[in-house]
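The block underneath contains the structure these notes are about, expressed in structure tokens.
The values are calculated or read from the model by the stated rules, or taken from the named source; none is laboratory data. All values derive from a computational prediction rather than experimental measurement. Because the Cβ atoms are built from the backbone with ideal geometry, glycine has one as well, and the counts that use them run over all protein chains shown.
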Amino acid sequence: MKISSPQFAFLRTLLKRVSGVSLDESKQYLVEARLRPVARQRGLDDIDALVTLLRNTSDPHLVDEVVCAMMTHETSFFRDKAPFETIARMLPEVIKRRGVMKQLVIWSAACSTGQEPYSLAMLLHERFPTILSGWRVRIIASDLSQIALSRAREGLYSELETSRGLTPVLRNKYFRPLQGRWSIAQNCRSLVEFRQLNLTQPWQTMPPCDLILLRNVLLYFDVPTRIDVLTRMKQTLRSDGGLFLGGAETMLGMDIGYERKSGTGCSYYIPLKTPTRAA
Ligand SMILES: C[S@@+](CC[C@H](N)C(=O)[O-])C[C@H]1O[C@@H](n2cnc3c(N)ncnc32)[C@H](O)[C@@H]1O
């Protein structure tokens, strides 16, 4: 199932327009592999037929399905470990500062199938159980992909998925076996609010956040889109909050008002102080 060059060019433009994701010209093979199951499922002969349907449709579900299929949803529990250790070390100070309001907001801003926000929930249960009673603790988990989000909401993971990042002790404590898979515990589910959110569009409904995890998504955007997203993130991040990017992502060369800090085995960013922003 090969795709013709004009159809590939159409898909790249569509993906960029809908999600901000810039797909390299060399990634034709990837699109073919990812769209093959979508074409088959719709009973189409090949990917060109799928793209022809896409060009002539007003069905937003088909656009969503194709865009989501082209994206990378790779994730795992406690991915890269170091950011979670850094967050665990930062939290006592954050909790002290929020002691009057008794509110903590963490945003997992491209949460894929949910492993990242559920890792945060497990971290809070393991290391900060006292704030989970009497405090309003919110882990807001967003993604563009409805398909990824519905898996995240379902909270059911295969043996292989749980083996990536979870010790058997954590798995047995926070999951129960269900129909050959592992279902995340209610005490973790209840901390996480899922919502669909496109990072390339305004997100007025987000509350001020203490911590933001924007990991392994910026690398799919071009530089102007990265700068735009990071600039708007500063409005959502509290002036004493912290922003985490993925291990291969950096703000190097972007003069957009963040200061880089060293954590435990990773870096994170804080907004440069301005006199007007509320803490
Ligand atoms: C590689 S996953 C990262 C998951 C997780 N943050 C991690 O580091 O393990 C990238 C996610 O970004 C999402 N994404 C891509 N473009 C997006 C956009 N414009 N707005 C919101 N999410 C987007 C994809 O749907 C995908 O689930």
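Considering region 65-105 alone, what residues qualify as being in a helix (DSSP H, G or I), of a type in the set (D, E, K, R) and in contact with a Ser or Thr (Cβ under 8 Å, 6 or more places away or on another chain)? Give the steps one after another, and end with the answer.
First, the residues of region 65-105 that are in a helix (DSSP H, G or I): 65-70, 82-97.
If we keep only those that are of a type in the set (D, E, K, R) as well, we get 65, 85, 89, 93, 96-97.
Across region 65-105, the qualifying residues are Glu85, Arg89.
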| task | Evaluate region 164-177: report whether one residue or more is assigned by TED's automatic domain parsing to the domain that holds Thr113, surrounded by 12 or more Cβ atoms within 10 Å (Cβ to Cβ), of a type outside the set (Val, Ile, Thr) and under 18 Å from the mean Cα position of the chain (by Cα). | result | yes
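Please count how many residues of region 138-162 are of a type in the set (A, V, I, L, M, F, W, C), assigned to a strand (DSSP E or B) and more than 19 Å from Pro177 (Cα to Cα).
Taking region 138-162 and keeping what is of a type in the set (A, V, I, L, M, F, W, C), we get 139-141, 144, 147-149, 152, 156, 160.
Now restrict to residues that are assigned to a strand (DSSP E or B): 139-141, 156.
With the extra rule that they be more than 19 Å from Pro177 (Cα to Cα), the set shrinks to 139-141.
Qualifying residue count, region 138-162: 3.
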| said: Of all residues being buried (at least 16 other Cβ atoms within 10 Å of the Cβ) and free of Cβ contacts under 8 Å to residues at least 40 places away in the same chain in region 43-68, which is farthest from the ligand (Cβ to nearest atom)? Just the residue, please. | reply: Leu44
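Rundown of residues vs (1) in contact with a Ser or Thr (Cβ under 6 Å, 6 or more places away or on another chain); (2) within 30 Å of Gln201 (Cα to Cα); (3) away from the ligand (no atom under 15 Å from the Cβ), yes/no style:
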| position | (1), (2), (3) |
| --- | --- |
| Ile131 | no, no, yes |
| Gly134 | no, no, yes |
| Ala141 | yes, yes, no |
| Leu144 | yes, yes, no |
| Ser150 | no, yes, no |
| Ser163 | no, no, yes |
| Val169 | no, no, yes |
| Tyr174 | no, no, yes |
| Leu178 | no, no, yes |
